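Heads up: the structure comes next, in structure tokens.
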Amino acid sequence: MTALRTWIDACRPKTLVAAAVPVALGGAVVARVHGPGLWTELGFALVLLSCLLFALCVQVACNFANDLGDTLRGADTAARVGPRRAVASGDITPAQMKRGIWVACLLALVVGSPVGLLSPWLALAGLLAVACALGYTLGPFPLAYNGLGDVFVVACFGVQATALTAWAVCQSSSGGVGDCHCNDLSMPWLAALLAGLGLGLLADNILVANNARDYETDQVAGKRTTVVRFGRGFARGLHAVNLFGGLACLALVFGWLPLLVLPWAVWQHVGFRKAAGPADFVPFLGQAAGLLLVAGALCVTASCLGLTPAGIWFLR
């Protein structure tokens, strides 16, 4: 395996969807409230690009930290089923992975600096996102090992990423990255938080599938995920809540269009309920990422077409 291919695989490309979609959704929330014409604004696009590059770098740093942390804590062993892990397999040394984490974090700060300069609160939120990404499996209180992985995904890769992207766009409207050339845009907090919650729930199913697959090896390693704490039966119930609760939240903000994936969601959940052994859960990581991507694309489409749910005045 070439060095480049090893590092690309360590980035876990399928998971990058969970970083990219919330950024697009944050822009869609603002465009939904202030008009689809925003999508043609250069400043709007530049803010979204900075947020996107930052989110991708943070996701890669999180994946690198997860690869390193799970190996050091004994969660990634030869008994584990799933994609090859770089540090556990010896393809990348722990020292090299630590350098990779630093590089990803520094790149995140560089590409996110145009947005961070808009507001000290945005800069602080960006630093917090980096800290949480590293603290997922590293540090004295790793979130993933203390049953907080699902909370982390919903909060950081759903609510925070979506709402802060929307806020960055609104901040830039009064001057900043490219300048949106719009009068001050009011921040639709409720719509952004609700859309972020919906997206975070859908993104969490990537983690649910991952943890259901690793149930036995996580038990041995003392990784107290929610699946280890409550069992695979709980994972099946959480999978349903995430799917249908997430789509309901998105529908409240963007109307009926995101619900076009509902038959696919039902099909996914029926298959998930039938899964039993570790290998059975492997396909559902990609399926969860695919549904997240399509649902996000439909939300963006709804905002471009100006489709607004009738009567939901309090989400404006």
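Can you say whether residue 111 is crowded, with 21+ Cβ neighbours inside 10 Å and among the β-branched types (Val, Ile, Thr), as far as the supplied structure shows? Outline the logic, then answer.
On the way: crowded, with 21+ Cβ neighbours inside 10 Å: no; among the β-branched types (Val, Ile, Thr): yes.
Considered against the rule, which asks whether it is crowded, with 21+ Cβ neighbours inside 10 Å and among the β-branched types (Val, Ile, Thr), residue 111 comes out as no.
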* To do: Please indicate, with yes or no, whether at least one residue in segment 93-107 is of a type outside the set (Lys, Arg), at pLDDT 90 or above, closer than 24 Å to residue 192 by Cβ and not in a loop (DSSP other than H, G, I, E, B).
  => no
* Asked: Among the residues of segment 133-168, which ones are surrounded by fewer than 22 Cβ atoms within 10 Å (Cβ to Cβ), part of a helix (DSSP H, G or I) and small (Gly, Ala, Ser)?
  -> 155
* residue 187 fails exactly one of the following numbered conditions: (1) assigned to a helix (DSSP H, G or I); (2) modelled with pLDDT under 90; (3) not hydroxyl-bearing (Ser, Thr, Tyr). What is the number of that condition? -> (1)
* Asked: Which helices (runs of 4 or more DSSP H) sit wholly inside segment 216-310 and have at least 3 residues that are touching a Leu at 6+ places or on another chain (Cβ under 8 Å) and modelled with pLDDT of 90 or more?
  -> 232-254, 262-274, 283-305
* **Hey, residue 61 free of Cβ contacts under 8 Å to residues at least 60 places away in the same chain, out of contact with any Gly (no Cβ under 8 Å at 6 or more places or on another chain) and assigned to a helix (DSSP H, G or I) or not** => no
* Asked: Residues of segment 256-306 being over 15 Å from residue 201 (Cβ atoms) and touching a Cys at 6+ places or on another chain (Cβ under 9 Å), which ones?
  -> 257
* Asked: Could you give every pair whose Cβ atoms fall below 6 Å, whose first residue belongs to segment 267-288 and is within 15 Å of residue 233 (Cβ to Cβ), and whose second residue is aliphatic (A, V, I, L, M) and not in a helix (DSSP H, G or I), counting only separations of at least 6 or pairs across chains?
  -> 281/275
* Structure fact -> Being farther than 27 Å from residue 221 by Cα, among the aliphatic types (A, V, I, L, M) and at pLDDT 90 or above narrows 60, 23 down to just 23
* Asked: What pairs can you find where one residue is in segment 108-137 and closer than 18 Å to residue 65 by Cβ, the other is of a type in the set (Phe, Trp, Tyr) and assigned to a loop (DSSP other than H, G, I, E, B), and their Cβ atoms are less than 8 Å apart, with a gap of 6+ or different chains?
  -> 135/141
* Asked: Name the residues in segment 233-246 that are surrounded by 21 or more Cβ atoms within 10 Å (Cβ to Cβ) and not small (Gly, Ala, Ser), would you?
  -> 238, 239, 242, 243
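The values are calculated or read from the model by the stated rules, or taken from the named source; none is laboratory data. None of these values were measured; they are calculated from a predicted model. Here Cβ is always computed from backbone atoms with ideal geometry, including for glycine, and neighbour counts include all displayed protein chains.
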